[in-house]
Structure formats: structure tokens, C-alpha cells
Amino acid sequence: MNVSARWYASMLGMVVCLSSALLPARAQEEAKQHVVTSEELHQQTARPAESRQTNEDAIRHLLSSEEGQKALKSASVDYRRVDKAIGRLSDEEVAKLADRSRQAESDFAAGFLSPKTLAYIIIAIVIIVVIAVLV
């Protein structure tokens, strides 16, 4: 073998050795980028609970409002019993009722609903809660 062929062969050998040493390090770096941190995992698992709590609070806010208390009193319904029943609803049911509660409060505040209509909506929400819990 002549000198230049040996030189090329040794250079090729060095390139192969270096690339084989660098590839695993690069693969490890890419793998690290895809790992979810424990903080991110905790945040993702906490979101549904936070969302449910926010939705339950929206329902309770409407029912505990002055109009809500009047509606419950006129229907002879104890707020504490309804409050306990809210905790037994599924996440989907709570989300739907929370949306209805928020919309009713928003419409009432804007003057689109009379107090009487709001009372009917509140009673309907209570009935839905009771039926959902009993079924």
C-alpha cells in the first residue's frame, strides 16, 4: 500500500471511530428532550381536578347567590343537600351544569333574564343535579 492510501485508510478509520462515539451521545440528548419532567406530569394530572373544582364553584356560586337562595327556598330545597349532590356528579355533568350556570348569571347580569326566569333556571339545575345523583 502506498502512503496516501494508508493515510486515507487511517483517516477513514478515525472518522468511523469518532462518529460511532458521537452518535450515542446525540441519541441520548434527543431522548432527554422527550422526557416529561415530574413537574410537568404533576401539572397535567392536577388540571382535571382544578377544572372540576372551578366548575363546581360556578354551580355553587349561582345556587348560593341571593336569587339562588330565593329559588331554593321557594322550592323547599335545602342548599346543603344540593351542595353534597354536586360532589357526586360526573365530571361531564358538572361541566355542563357549570356552563349553564355561568350563562344564566351572565344573561341575568346583562338584563336578558328576569329574576323569575333565573329562578326557573336555578330550579332546573337543581332538578338535574338531583336526578343525576339518583340515577
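The values are calculated or read from the model by the stated rules, or taken from the named source; none is laboratory data. All values reported here derive from a predicted model rather than from experimental measurement. So basically every Cβ, Gly included, is an ideal-geometry build from the backbone, and we count neighbours across all protein chains shown.
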TODO: Output the number of the condition that residue 56 fails; it satisfies all remaining conditions of (1) surrounded by 12 or more Cβ atoms within 10 Å (Cβ to Cβ); (2) modelled with pLDDT under 90.
DONE: (2)
- [ ] Give the residues of segment 77-133 that are of a type in the set (Val, Ile, Thr), under 14 Å from residue 65 (Cβ atoms) and crowded, with 18+ Cβ neighbours inside 10 Å, sorted by residue number.
- [x] 82, 121, 122, 125, 126
- [ ] Find the residue count for segment 40-97, including only residues that are among the basic types (Lys, Arg), closer than 18 Å to residue 132 by Cβ and in contact (Cβ under 8 Å) with a residue 12 or more places away in the chain.
- [x] 3
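If I go through segment 98-120 residue by residue, how many of them are farther than 23 Å from residue 133 by Cα and among the polar types (S, T, N, Q)?
First pass over segment 98-120, keeping only residues farther than 23 Å from residue 133 by Cα: 105-117.
Cutting the leftovers down to among the polar types (S, T, N, Q) gives us 106, 114, 117.
Looking only at that region, the number is 3.
Considering only segment 58-135, give the helices (runs of 4 or more DSSP H) lying wholly within it that have at least 3 residues that are within 24 Å of residue 48 (Cα to Cα), among the acidic types (Asp, Glu) and in contact with a Gly (Cβ under 7 Å, 6 or more places away or on another chain).
Numbers: elements: 66-74, 79-86, 91-109, 115-134.
Of the helices (runs of 4 or more DSSP H) lying wholly inside segment 58-135, none has at least 3 residues that are within 24 Å of residue 48 (Cα to Cα), among the acidic types (Asp, Glu) and in contact with a Gly (Cβ under 7 Å, 6 or more places away or on another chain).
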